[in-house]
There are 2 protein chains.
Amino acid sequence: MRTGPAVPNLNVSAGPFSFLEKGPFLLPTVIDLNMSELGIVKTEYVDFDVELQLESGRLLGPLTLAYETYGRLNDNKSNAVLVAHAWTGDAHAAGRHDLEDRKPGWWDDMIGPGKVLDTNRYYVICSNIIGSCFGSTGPTSINPRTGKPYKLQFPVVMVRDMVRAQQLLIDHLGIDSLLTVIGGSMGAMQALEWGIHYPERVRSIIPIAGTGRASPMAIALNALARQAIYNDPMWRKGNYKPEHPPADGLALARAVGHISFLSDPSMQLKFGRRFSARDGQFDFFGQFEVERYLAYNGRSFVDRFDTNSFLYLAKVLDLYDVAWGFDGLEDALSSLDCPSLWFAFTSDWLYPPYQTEELIEVLRKQDKPAEYHLIDSDYGHDSFLVEPEKFTPKIVEFLDRLSAN
Amino acid sequence: MRTGPAVPNLNVSAGPFSFLEKGPFLLPTVIDLNMSELGIVKTEYVDFDVELQLESGRLLGPLTLAYETYGRLNDNKSNAVLVAHAWTGDAHAAGRHDLEDRKPGWWDDMIGPGKVLDTNRYYVICSNIIGSCFGSTGPTSINPRTGKPYKLQFPVVMVRDMVRAQQLLIDHLGIDSLLTVIGGSMGAMQALEWGIHYPERVRSIIPIAGTGRASPMAIALNALARQAIYNDPMWRKGNYKPEHPPADGLALARAVGHISFLSDPSMQLKFGRRFSARDGQFDFFGQFEVERYLAYNGRSFVDRFDTNSFLYLAKVLDLYDVAWGFDGLEDALSSLDCPSLWFAFTSDWLYPPYQTEELIEVLRKQDKPAEYHLIDSDYGHDSFLVEPEKFTPKIVEFLDRLSAN
């Protein structure tokens, strides 16, 4: 697990190292970098000596944020785009950390020269959310009051707190106003919170596969994941040793999430009823392909994610309610004045389209400039990662119109 | 947990004790028995000294079946209805075992004098499925080869094997041909297998909320349940002591099932986003109502169900494929000659309506007498238990037409 340096680097680099600067290292047999690739990028860390007041009333600080940037901030600082990541994502949204990287960042399809978020035009920023375990302050960070990792001493945070922390980063980067905040799933929640709570600092938002509040079905699925971890004796109420995490529990918890990100048709397509036991289907411990897939992916997740972070972020999702602290949904959305572009996916059963449509209905009654597209996709909640080509043309148009203004 | 007598009673009683025979015991302050109630009923046990050849090729025997009957077999033995129960059900479908029983049998809404399955007209039979833990032979039964409980020595069985065992009971009760076989969920699978494999012994079938084969989504949910049990150190590969079951694992496994039986709208209605922590939502261990409900019901399930039985029956569901052993679905359904009456429920996401509709489409192409109704209900897979009034009029008509022939 990557957790950033013990003393985060306060000297923030200007942006990515492009592959052209690293020309001599380029070996076509390793990876095929071409002009649409970002090349080598680096995660930066910035420390803020603040005490962030959280929604819970508790204080969190000092604060470290891990982030990456791609492209260059223009002279009038009007081309900054914030990409907000989902539950288990990180700041590494695009490019590669080194030439041996097997995979680029998690939304590399979207970000790069000539891509939807065109780094020749936009200055793209992605920061790891607080509560995570990829460099920003979270349960694995050192609690300054004790000198030891927070673990369950970490405060319960909300999406609103994550966005509040991102303000510090935007200040740090010298940006007054973002062209847009874009993200899927928990990223959509962050985009919406930006639009409502920082109307002077964001000129548009693009929430994708989001919701205005977690449904009891979504909460129930997270409840399964939580209980899977609590049931693991290695969890020790969060006091596991990093080298001995509650692997069985976390792998099972991840499998719950996996199912909720997929869909009935995508699983039919991917696995069908194929069986993988050597002794045939009458072997008690025989597994269907789908079962083996879930187990395998659950296991590999254990190597890259911290269990307490997983639990805190599950809670963030459950607590999410855009109307929290307002007199209902209408009141909350009345503060959203900027243009918004929304996408939901037909087969998403975690945050089904009706949940986005509830928000759109209110926004339209309020004559807000909200554009909504229901995208026909079989890939469930994950559609925003699997089939970006189905909705990205709308994003390009939307950003073109915004930039023209 | 009830597991039936060690030496099952070979003397089978004629049927239920009606409440009229038990008149003096009737205390209105205890329960309100009226003319539409069956009154006191009793589970019977019958032993078969056979070796049942299973689909896997293994042999299972001797065999005990637990069952209940309500009403009386008519002189020409034409009024017998077999009720097939679901995963965690039992033979106790209607009436009460004693006057202190808080609840009647699991489908008491449907079975009794003047009810849909009118015990003044029909002789209703419900038998516990093999593999279960409520009196019929299953993993808790004694393996005659070892003199000890089977546990994981029990063979993997299929729905087809359950139905084969039910044949023995029908023979035992002196019935040549059943008026119908009716059941929901796994009960629907049994009804379908009866119709296909024993066309000479069944005059109709009524599958409710069923499927022709388990989808990878349904299998994946069972995979979570299985893994929850395997992760529990108390499970000991099935060799737990009955008094020390893997309670954490089984409770979590049951919670997975619960979620799949409910639906997004039914959970919205029942729980909303109500929170139940004393310290408010920023308490790390605070629970939403839905979470508390799942935990509570998971726990209470541990007291009444055997873990190994749960696992074997999950496997039965996963392995279910009506086309198994046939050259595809068309070939399998070509053997279904009797009238069939099918129901699916709009909000059922475990066995969604399209899965029943796939079967109906084939049956209609084959000019088979298949009647299908899609029922609009918000109660998910459980709709067949929660809102029977939405579909039972169709059953009454169907049975009236059959009886008239």
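The values are calculated or read from the model by the stated rules, or taken from the named source; none is laboratory data. All figures in this text were calculated on a predicted structure; none of them were measured in a lab. Glycine also receives a Cβ, built like all others from the backbone with ideal geometry; neighbour counts cover every protein chain displayed. To get the accessible areas, we keep the full protein, side chains included, count just its heavy atoms, and leave off ligands, DNA and RNA. Shrake-Rupley method; radii C 1.70, N 1.55, O 1.52, S 1.80 Å.
Quick notes
- Any hit, segment A:200-216, residues being assigned to a helix (DSSP H, G or I), within 14 Å of chain B (Cβ to nearest Cβ) and open to solvent by less than 10 Å² (accessible area, probe 1.4 Å): yes
- Residues that are touching a His at 6+ places or on another chain (Cβ under 8 Å), under 18 Å from B:S309 (Cβ atoms) and hydrophobic (A, V, I, L, M, F, W, C) do occur in segment B:72-91.
- Total residues in segment A:269-292 satisfying the condition of being open to solvent by less than 50 Å² (accessible area, probe 1.4 Å) and in a helix (DSSP H, G or I): the figure is 3.
- Number of residues in segment A:109-142 that are open to solvent by 10 Å² or more (accessible area, probe 1.4 Å), in a loop (DSSP other than H, G, I, E, B) and over 30 Å from A:V50 (Cα atoms): the value is 8.
- Any hit, segment B:238-246, residues being at the interface with another protein chain (Cβ under 7 Å from one of its Cβ atoms) and without any contact (Cβ under 8 Å) to a residue 40 or more places away in the chain: no
- Within segment A:304-331, the only residue that satisfies the criterion of being part of a loop (DSSP other than H, G, I, E, B) and either under 18 Å from B:N231 (Cβ atoms) or in contact with a Pro (Cβ under 6 Å, 6 or more places away or on another chain) (or both) is A:F305.
- For beta carbons closer than 7 Å, sequence separation of 6+ or different chains, a first residue in segment A:54-78 that is more than 21 Å from A:D90 (Cα to Cα) and a second that is at pLDDT below 95, the qualifying pairs are A:S56/B:F282.
- Unique residue being part of a helix (DSSP H, G or I), at the interface with chain A (Cβ under 9 Å from one of its Cβ atoms), under 24 Å from B:L52 (Cα atoms) and modelled with pLDDT of 95 or more when the list is B:L168, B:L224, B:L192, B:L152: B:L152
- Checking each residue in segment A:260-294 for being facing chain B (nearest Cβ under 7 Å) and under 18 Å from B:G249 (Cβ atoms) picks out A:F284, A:E291, A:L294.
- Selection count, segment B:300-330, where residues are among the charged types (D, E, K, R) and either without any contact (Cβ under 8 Å) to a residue 12 or more places away in the chain or more than 11 Å from every other protein chain (Cβ to nearest Cβ) (or both): 5
- B:A91 being under 15 Å from the mean Cα position of the chain (by Cα) and assigned to a strand (DSSP E or B): no
- Inside segment B:359-405, residues that are of a type outside the set (S, T, N, Q) and within 18 Å of B:G184 (Cβ to Cβ) make up a count of 28.
- Residue match in segment A:345-353 (condition: closer than 27 Å to B:M217 by Cβ and aliphatic (A, V, I, L, M)): yes
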